[in-house]
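Asks: One structure, as structure tokens, below. Some questions next.
The values are calculated or read from the model by the stated rules, or taken from the named source; none is laboratory data. Treat the numbers as computed from the prediction; the structure is a model and nothing was measured. Because the Cβ atoms are built from the backbone with ideal geometry, glycine has one as well, and the counts that use them run over all protein chains shown. What goes into the accessible areas is simple: the full protein's heavy atoms, side chains included, and nothing from ligands, DNA or RNA. Shrake-Rupley method; radii C 1.70, N 1.55, O 1.52, S 1.80 Å.
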Amino acid sequence: MGGLEIMPGRSSDIDVRVAGDLHALSVAAAEAMVQVIAAAAGEAGTCSLALSGGGTPRELYRLLASRFREQIPWERVHIFWGDERYVPHDHPDSNYGMARDTLLDHVPCPKANIHPMPTHVPTPEAAAGDYERTLKDHFGNDGPPFDVNLLGLGADGHTASIFPGSPALRERTRWVMSAQSNAAPVSRLTLTLPALIQSANIFVLVAGANKASALKQAVSASADVNACPAAGLRDARGRVIWFVDREAASELATSRRDDVRGE
Ligand code: 6PG
């Protein structure tokens, strides 16, 4: 029973870590986050996280707010989002609302350090422009170099709210765009791939058999980014680690597979 299994992916720069289940992959991701945050906050005195939404990261957020809470210098952490549903923050589908309920209401991160995507602005396009200004005010014009950018993977290969065939895939300069999802809520805000790949560390959390085919595509060298937007993460400037469970990894070439300790 070794630690997390490191599976060879497309090349040495693809790092796929297979855990037994969602809890175990969330523990592994939390441990990696604590390390990055401690180094960044120690070196620069501050660090920046971009959170993702959906269901998969809930367990990670709960762990960061409990078992790992005291290992993170929350007063030095700035929190952003990689995408958002264009609904009020108190709407049950809000990514900000989910993070607030599972994490932010339980840790001493200063309110001034929490930068939700604005969904009260009259149009998603105006909101995207506002958020881009928020990011540039914080990082300057070369970023956004998040220390840890958390992302998920849809069964259709989307990541953040960059869906297959979407206009966001053709964007080369804007950091934030409005987007349309096939699944409700239809109206979204998303960072674009040129923005996402600026991160120092991208941690993609993937769980469940329904993600196996998308994961196989996302980490393959031959994937068409237009059909599988998550494959665009291969151009990341920094490190990309895929924290996946056994079910999601079921279509990946099997090699050394140790179950991670699932405590
Ligand atoms: C969102 C997410 C989205 C999510 C994937 C996976 O706003 O829904 O940012 O990109 O990560 O759709 O969602 P699940 O974790 O719910 O499977």
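Asks: In this structure, is K216 among the charged types (D, E, K, R) and within 13 Å of the ligand (Cβ to nearest atom)? Show your work before the answer.
Replies: Details: among the charged types (D, E, K, R): yes; within 13 Å of the ligand (Cβ to nearest atom): no.
In short, no.
Asks: Being open to solvent by less than 40 Å² (accessible area, probe 1.4 Å), within 12 Å of the ligand (Cβ to nearest atom) and either over 15 Å from G154 (Cα atoms) or not β-branched (V, I, T) (or both) is the filter here, so list the residues in the range 173-196 that pass it. Give the derivation first.
Replies: Filtering the range 173-196 for residues open to solvent by less than 40 Å² (accessible area, probe 1.4 Å) gives 175-179, 181, 185, 187-196.
When the remaining residues are screened for being within 12 Å of the ligand (Cβ to nearest atom), the result is 179, 181, 185, 187-191, 196.
Listed by number, the residues that qualify are A179, S181, P185, S187, R188, L189, L191, L196.
Asks: Which residue out of T134, T123 is away from the ligand (no atom under 15 Å from the Cβ), of a type in the set (S, T, N, Q), farther than 24 Å from N201 by Cβ and open to solvent by 40 Å² or more (accessible area, probe 1.4 Å)?
Replies: Sole residue among the options that is away from the ligand (no atom under 15 Å from the Cβ), of a type in the set (S, T, N, Q), farther than 24 Å from N201 by Cβ and open to solvent by 40 Å² or more (accessible area, probe 1.4 Å): T123.
Asks: Could you check the range 67-98 and list, in sequence order, the residues that are crowded, with 22+ Cβ neighbours inside 10 Å and in a helix (DSSP H, G or I)?
Replies: N95, Y96
Asks: Also: Take the residues in the range 43-61 that are within 18 Å of F139 (Cα to Cα) and open to solvent by 10 Å² or more (accessible area, probe 1.4 Å); name whichever of them is nearest to the ligand (Cβ to nearest atom). Don't jump to the end; show me each part of the working.
Replies: Initial filter on the range 43-61 (within 18 Å of F139 (Cα to Cα)): 43-51.
Subset that is open to solvent by 10 Å² or more (accessible area, probe 1.4 Å): 43-46.
Values: E43: 28, A44: 26, G45: 29, T46: 24 Å.
In this case the residue turns out to be T46.
Asks: Something else about it: Could you count how many residues in the range 197-250 are of a type outside the set (A, V, I, L, M, F, W, C), in contact with a Ser or Thr (Cβ under 7 Å, 6 or more places away or on another chain) and buried (at least 24 other Cβ atoms within 10 Å of the Cβ)? Before you say what the answer is, go through the steps one by one.
Replies: At the first step, the residues of the range 197-250 found to be of a type outside the set (A, V, I, L, M, F, W, C) are 198-199, 201, 208, 210-211, 213, 216-217, 220, 222, 224, 226, 229, 232, 234-235, 237-239, 245-247, 250.
This time we only want the ones that are in contact with a Ser or Thr (Cβ under 7 Å, 6 or more places away or on another chain), so: 229, 238.
Checking the rest, the ones that are also buried (at least 24 other Cβ atoms within 10 Å of the Cβ) come to 229.
Matching residues across the range 197-250 total 1.
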